[in-house]
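For reference, the structure discussed in these notes is given below.
Just so it is clear, none of the values below were taken in a lab; they were calculated from the coordinates. Nothing here was measured: the structure is a model prediction, and the numbers come from that model. Because the Cβ atoms are built from the backbone with ideal geometry, glycine has one as well, and the counts that use them run over all protein chains shown.
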Amino acid sequence: MSHANLGLRVRRPTHRRYFTVEQADHSLVLLRRIVADIILGYQLLFDLQEVLEAAEASGRTVQIQACRAKLQYAVDRLQNCLDELNTMGVEIRDWALGVVDFPAMADGREVYLCWQFGEPRIMYWHEYDAGDAGRQPIERLPVSEPVAAGA
C-alpha cells in the first residue's frame, strides 16, 4: 500500500527553512506528538486495509462500507499531520519508525539534522543525499567559523 494509493500528499516544505541544532531540539516538543500520531495512523491504515480485504473477499457489504469510512477518516488525519510537518519545515522519511529530517546548513552546505521517534534530542545528522545510512553523531557536524565584522 503506497502513500499515493491512499490519496496522501507528501510535499516538500513550501519554504526552505534551515534549523540549528537548538531550534530542532526545541521543536521536538510539538514534533513528538505529531510523529506519534503518524506512526499510529500509519499502522491503523495497514490494519484497516486487511479488514477491508477480508470483508471484500467475503462480500460483507456493511463491513466494507464501515471500513472504507474509517480508512478515509484515518487518511484525513494523517494528511493533517503531514500538513503540520510541512508547515514546520521538516520532512518525514520513515512513517513506521518516525524518522524526521530537519534541513540545516553546515560548513556552507545543506545537510539534514536527523531525529527518530523515541530519541531524547537531535543526536545525528547526515549529508543532504546520504539518507539514514549516512547518519553521523551530531558531535561530528561541521561548524562554520564565524566571520569577523568588516572582514
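Here is how the numbers come out for the structure above:
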quantity: Set ALA96, ALA104: member being closer than 13 Å to VAL21 by Cβ, in contact with a helix residue (DSSP H, G or I) (Cβ under 9 Å, 6 or more places away or on another chain) and among the small types (Gly, Ala, Ser); calculated: ALA104
quantity: Number of the exception - ARG109 against (1) among the basic types (Lys, Arg); (2) out of contact with any helix residue (DSSP H, G or I) (no Cβ under 8 Å at 6 or more places or on another chain); (3) surrounded by 14 or more Cβ atoms within 10 Å (Cβ to Cβ); calculated: (3)
quantity: Any hit, segment 81-102, residues being on the phi > 0 side of the Ramachandran plot and of a type outside the set (Ser, Thr, Tyr); calculated: yes
quantity: Qualifying residue in segment 87-97 (condition: farther than 30 Å from ALA133 by Cβ and surrounded by fewer than 17 Cβ atoms within 10 Å (Cβ to Cβ)); calculated: no
quantity: One residue from ILE64, ILE122 being in contact with a helix residue (DSSP H, G or I) (Cβ under 7 Å, 6 or more places away or on another chain), of a type outside the set (Asp, Glu), surrounded by 12 or more Cβ atoms within 10 Å (Cβ to Cβ) and under 22 Å from GLY41 (Cβ atoms); calculated: ILE64
quantity: Tally of residues being closer than 24 Å to LEU97 by Cα and small (Gly, Ala, Ser) across segment 28-82; calculated: 3
quantity: Residue count, segment 45-69 (criterion: touching a Leu at 6+ places or on another chain (Cβ under 9 Å) and touching a residue at least 24 places away in the same chain (Cβ under 8 Å)); calculated: 3
